[in-house]
1. Report ³J(HN,Hα) in whole Hz for each residue of the stretch 95-107, in order, from the Karplus equation J = 6.51 cos²θ - 1.76 cosθ + 1.60 where θ = phi - 60°; Gly and Pro get x.
2. Could you put 86, 41 in order, starting from the residue whose Cβ has the fewest other Cβ atoms within 10 Å?
3. Specify the angular offset, from 0 to 90 degrees and rounded to the nearest 10, of the alpha carbon long axis of helix 30-56 from the longest principal axis of the alpha carbons in the chain.
4. Against the longest principal axis of the chain, how steep is helix 68-89, in degrees 0 to 90 to the nearest 10, with axes from Cα atoms?
5. Average projected area of the Cα convex hull of the stretch 4-109, in nm²?
6. Report the paramagnetic label zone for residue 45: residues of the stretch 74-108 whose backbone N is under 13 Å from a point 7 Å from Cα along the Cα-to-Cβ axis.
Amino acid sequence: MATVDDRAWETTARLVDWLDGHHRDNDLAPEVIRLLRVLKLSEEVGETTQAVIGALGANPRKGTTHKWSDVEHELCDVIITAMVALTTLNPDARMVFTERLEHVATRSLG
């Protein structure tokens, strides 16, 4: 039985395959594809920032434009985009992520 973790990485691989097909149709070089996928993170982080500002009503011209559930969705988009970018850089992204998570946890939690 597949775990949530398994399904997340399997779904990420399918997204990468789908994106690769789109980029092949546009004749983008592999190094450009890698760059675009990393840069996409900035876009998603910006959307998260916009949602936080909107949830707080921090822009007096716009007022409250978002809910905290919008922030949650944008954070998920950041995570998904990072998983896609990591998988693009390294086909064994799951191992790279797991090792890094363990490293950070050990360093932080002792």
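Rule-based calculations on the coordinates, nothing more; no lab input. Quantities reported herein were computed from a predicted structural model and do not represent experimental measurements. Neighbour counts run over all protein chains shown; Cβ positions are idealised from the backbone, glycine included.
1. Here the 3J(HN,Hα) series is 5, 4, 5, 4, 5, 5, 4, 5, 4, 5, 5, 5, 4 Hz.
2. Result, fewest neighbours first: 41, 86.
3. 20
4. That works out to roughly 20 degrees.
5. 8.9
6. Counting only backbone N, you get 78-79, 82.
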